[in-house]
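A short reminder: the numbers here are calculations on the coordinates, not readings from a lab. Please read these numbers as outputs of a predicted model, since none were measured by experiment. With ideal geometry, Cβ positions are generated from the backbone for all residues, glycine too; neighbour counts draw on all protein chains shown.
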Amino acid sequence: MPELAVSRVAPARIAAVIVILAALAAGLNGIGRSLWLDEAWVANSLNAPTLSGMLVYPGWLQSNPPLFLIFSRTAVRVLGLSNASFRIVPLLFSFLAIAAMLAASGRIFVPSFTVLASALVALHPSAIEFSHTLKPYSEELATTAMLILATICYLKQPGSRQYLWLLAAAGISLPLAYSSAFLFPGVFLAVGATCAPDRGKRIALLAAVTGGSFLIIYWFCIRPNVSPELYAFWAADADNRITAGLVAALLGCVGAVVPAVLRLFRGTAGWRDWTRIVCFLPCLLLGASRALGWYPASRRTLLFLLPCFFLLVMMIADDLTRRLTTPKRALNIAAFGLTLVIVSKAITGQLIGPPDRSGENFAGAVGFLQHRVATGDIVLVHACCKEGFELYAAMYGWQKPPVIYGETGWPCCARGKDARPGASTKPAALQDLDSKIPRGFSGRIWLLYTTRPTHWAYVGLDEGNLWRNHVWDRGCPPGPYFDFGNLTVSPMNCAEVL
């Protein structure tokens, strides 16, 4: 028997190492690429002189949770300014998510299913993408996995030690990930479902810790960083389509929780049933919030649900395999084989596939301008590119570049700017542009603007082309057109402009 147990565990450990190495390779693959707009303003906020200036960044509405900012700021202070140092914290949290997922699923499934469940989370395309992106979505993924792990441990053995771990996980969750609020109802149910003699006191203490954490975060971090423009952006960014995949996912979640609910009404529910309920509730609550327009629904904001969803999926698979007469060895081989398929798909998609061009290459554009701009030239930077230009000018040590920033076509959510969807107008953009070019100027104007279609669709007007054509009409024909991956540098050669 001991030999049989070792033979089952050894392949699982090898498979787990393969999953971790694949996640590491995919995460490191994009860690050094240029930060794009959504990352650039976060990076600039991390470099704010004070913590208060970081939490309430003067240039942008700070929508990131405080512990994510503090950890990232510390990493940059220790490692110095670089693309990789800005992204090291999301990468580390992606591995924390893998570790927590392995530990949580290992308390429910056999080793082969444990590794498969972890691979589904760790090597999901969105999980890989945000493991090397300066945004808090890998922290949300890790926080969910840690909170689920602490809840499972408590459901299996509701002792004082397990409760303290659950209390600590719940207390740190909101400062790490605002989305963890969706898991709290399930956590409260888990504490109430156990037979601990002091469960009333435990629930009260849990409520005090999580409620106090929320009030502090709301007052210092959330309240100063909300605006109507932010809600409008969330509404524009939300994906409310009812797709076949969404319907299948919802049916799968319901199918996983129905047996648990039936056993609950019969009075025979055990810790595994409560685990299903705890994993199902965030999916249900997010679905309701999405339908009511209370929470933005996109692939990045849904990332925190992956541990809950795939644990439910694997519970269905576990139920089915228990009813089959197929030898367990064959099922284990099939699970390991599926894990290797997921690994190979992740490797080919992330390492061999085409490079990600979803954002702007500010690093290349600013470096190019630094070496090409001559004395007397003007660099005219569109408002959408201000944060990226400032970031890389500082990183490259470009002292006092001759830069002028536009004031129209702002993306969400620049603080104190009109960043509503469709707010851009041609007369306002042209008036702002004319006010930026000095009267009687002769020389070269370097235009810098994004060519990302989603930005101009949000703004309501392609101000990049408008800028180029208008400056041309004023007697400044364009030179060569330089593309930097969704970012354009267009030199305009001006004779005297009247």
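Points to keep in mind about this one:
- Tilt relative to the chain, helix 66-79 - C-alpha long axis, 0 to 90 degrees, to 10: 70
- Compared with the direct C-alpha span, the chain from ARG107 to LYS436 gains 112.1 nm at full extension, assuming 0.36 nm per residue.
- When the charge dipole of the chain is built from unit charges on Cβ atoms (+1 for Lys and Arg, -1 for Asp and Glu) and taken about the Cα centre, the candidate among THR339, ASN225, ASN83 whose Cα reaches farthest toward its positive end is THR339.
- Treating each Cα of the chain as an identical point scatterer and summing with the Debye formula, the log10 of I(q)/I(0) at q = 0.10, 0.12 Å⁻¹ comes to -0.83, -1.11.
- Gain on full stretching of the segment that runs from PHE265 to LEU338 - 0.36 nm per residue minus C-alpha separation: 22.7 nm
- Close amide H partners of TRP60, meaning residues 5 or more places away or on another chain with modelled amide H under 5 Å apart, are ARG415.
- Sorted by Cβ density within 10 Å, fewest first, the residues MET395, MET101, MET315: MET395, MET315, MET101
- The chain: antiparallel DSSP beta bridges as a percent of all, rounded to 5: 65
- This ranking places ARG263, ARG77, ARG439 by how few other beta-carbon atoms lie within 10 Å of each, fewest first, which gives ARG439, ARG77, ARG263.
- Classified by the C-alpha gyration tensor, region 362-494 has an oblate form. Its axis ratio a/c, with a ≥ b ≥ c, is 1.5 or above, and a/b does not exceed b/c.
- For region 11-72 versus region 276-306, the inter-centroid distance based on Cα atoms is 22 Å.
- Sequence-distant contacts, meaning Cα pairs under 8 Å at least 6 residues apart, place the relative contact order of the chain at 17 percent.
- Order of CYS412, CYS279, CYS308 - criterion: other Cβ atoms within 10 Å of each residue's Cβ, fewest first: CYS412, CYS308, CYS279
- A dipole drawn for the chain from +1 and -1 charges on Cβ atoms has a positive end, and of PRO411, ILE128, CYS385 the residue lying farthest that way is ILE128.
- Pairwise alpha-carbon distances in region 137-257 exceed 17 Å for 65% of all pairs.
- Loop trypsin sites (Lys or Arg not before Pro), region 278-381, which have at most 14 other Cβ atoms in a 10 Å radius of their Cβ (DSSP): ARG299, ARG357
- Nonlocal Lys pairs with alpha-carbon distance under 23 Å, the chain (8 or more apart, or different chains): 11
- Per residue of the chain, the DSSP helices (runs of n ≥ 4 H) give a summed -39500 (n - 2.57) that works out to -20000 deg cm²/dmol at 222 nm.
- Compared with the dominant principal axis of the Cα atoms in the chain, helix 328-347 is inclined by about 10°.
- Compared with the dominant principal axis of the Cα atoms in the chain, helix 386-395 is inclined by about 90°.
- Computed lengthening from ASN493 to LEU28, 0.36 nm per intervening residue step minus Cα-Cα distance: 163.3 nm
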